[in-house]
Amino acid sequence: MNPQAQTHSGFVAVVGRPNVGKSTLLNVLAGVKASIVSHRSQTTRGVVRAVCQLSGANLALLDTPGWQTRHDDDFNRMLNVGSEWATGIADAVIFVVTALSWTSADSRLLARFPARKKIIAAVNKIDMVADKNRLLPYIDTLSRRYDFAALVPTSAKRRQGTDVLAAAVAAQLSSTAKCFEHGGENDREFMFAELLREKIFHCLGDELPHRIGVVVHSKEKPHSDMLHVDADIYVEKESQKAIVIGGGGLMIKKIATWARKDMERLSGRRIFLKSRVRVRLWRNDKSLLSAMRVGTATYKKTSID
């Protein structure tokens with residue numbers, strides 16, 4: 001084989017503190033909506049993968065939960081487990097930081113990166129910087145904090161600098177062929193749950209999102225081309241249940257109808273969605289957190305020569 005024809009490949013973790021634009025950046029790089037997006041923290045709860053090809057490289061991009069500095073329940077602790085797991089298996093890491101806004105959480109996360117890991121810093125949200133002359137001194141300061149493989153100014157929202165970032169990532173990967181295993185039905189159910197949770201975020205605003213978890217199960221019915229999906233929406237109080245259901249059940253109907261349409265687009269199947277709202281203190285229920293795949297992923301890292 002001609003060495004020049006070889007395609008570089010690898011696992012690339014997208015990490016950073018909450019609300020720096022990790023999921024938006026991953027979706028732009030992948031060219032598909034792999035991660036749900038909102039302006040609220042803790043939107044991403046599991047490790048979300050998008051397999052894509054860009055800049056001459058085959059990549060398995062791993063979106064991760066925002067790094068948590070609070071550890072007051074199992075939920076927050078498991079979010080960090082997901083970030084550390086993805087960083088550990090990754091061949092390279094995109095460390096997303098906000099332009100002109102370095103925090104103690106950034107420093108803590110930077111200190112936890114494994115030694116000799118290839119780290120590319122994406123200095124995101126440059127569209128929010130009115131005086132672009134301030135960017136160079138900020139990037140210079142970052143270069144003295146850590147021996148980054150590259151520092152790339154980006155705006156995921158406006159798709160600025162993302163091609164340069166993709167090329168910088170590809171340059172750090174080897175030409176060893178990788179086999180990226182697919183999770184099949186588990187992936188589908190996880191994405192269905194994420195789509196439903198996204199609609200809850202949009203419909204309920206700032207009232208409840210962080211107190212809500214979702215578990216989805218899907219099943220085929222004999223002699224039917226319709227996929228049956230059962231969704232359990234978990235809240236922590238009866239008063240929260242009433243908000244999700246809404247007067248006359250109108251809110252849950254709106255949420256479920258919107259989510260069902262996205263599920264059908266994702267799967268290419270007709271969907272029968274049945275949603276229930278349950279009350280449970282789920283943030284410290286490890287069995288439920290596991291079912292929700294908080295901070296976890298089923299993906300395996302494999303390679304073939």
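In table form, for the structure just shown:
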| read-out | value |
| --- | --- |
| Any hit, region 268-287, residues being touching a helix residue (DSSP H, G or I) at 6+ places or on another chain (Cβ under 7 Å), at pLDDT 90 or above, within 29 Å of Val51 (Cβ to Cβ) and open to solvent by less than 70 Å² (accessible area, probe 1.4 Å) | yes |
| Subset of region 17-54 (residues that are at pLDDT below 75 and either crowded, with 22+ Cβ neighbours inside 10 Å or of a type in the set (Ser, Thr, Tyr) (or both)) | Ser35, Ile36, Ser38, Ser41, Thr43, Thr44, Gly46 |
| Boolean, Lys254 is modelled with pLDDT of 95 or more and surrounded by 12 or more Cβ atoms within 10 Å (Cβ to Cβ) | yes |
| Residue ranges of strands (runs of 3 or more DSSP E) in region 81-162 with at least 2 members in contact with a strand residue (DSSP E or B) (Cβ under 6 Å, 6 or more places away or on another chain) and closer than 13 Å to Gly16 by Cβ | 92-98, 119-124 |
| Any hit, region 66-78, residues being farther than 27 Å from Arg158 by Cβ, outside any strand (DSSP E or B) and small (Gly, Ala, Ser) | no |
| Any hit, region 223-239, residues being modelled with pLDDT under 95, closer than 12 Å to Arg197 by Cα and part of a helix (DSSP H, G or I) | no |
| Those residues of region 187-208 which are more than 23 Å from Ala50 (Cβ to Cβ) and part of a helix (DSSP H, G or I), in sequence order | Cys203, Leu204 |
| Pairs where the first residue, in region 235-256, is of a type in the set (Gly, Ala, Ser) and the second is open to solvent by 60 Å² or more (accessible area, probe 1.4 Å), C-beta under 9 Å, 6+ apart | Gly246/Lys253; Gly246/Lys254; Ala256/Lys274 |
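The values are calculated or read from the model by the stated rules, or taken from the named source; none is laboratory data. What you see is a predicted model; the values in this text were computed from it and never measured. Here the Cβ is made from the backbone with ideal geometry for all residues, glycine too, and neighbour counts use every protein chain on show. In case anyone asks, the SASA skips ligands and DNA or RNA and just uses the protein heavy atoms, side chains included. Shrake-Rupley method; radii C 1.70, N 1.55, O 1.52, S 1.80 Å.
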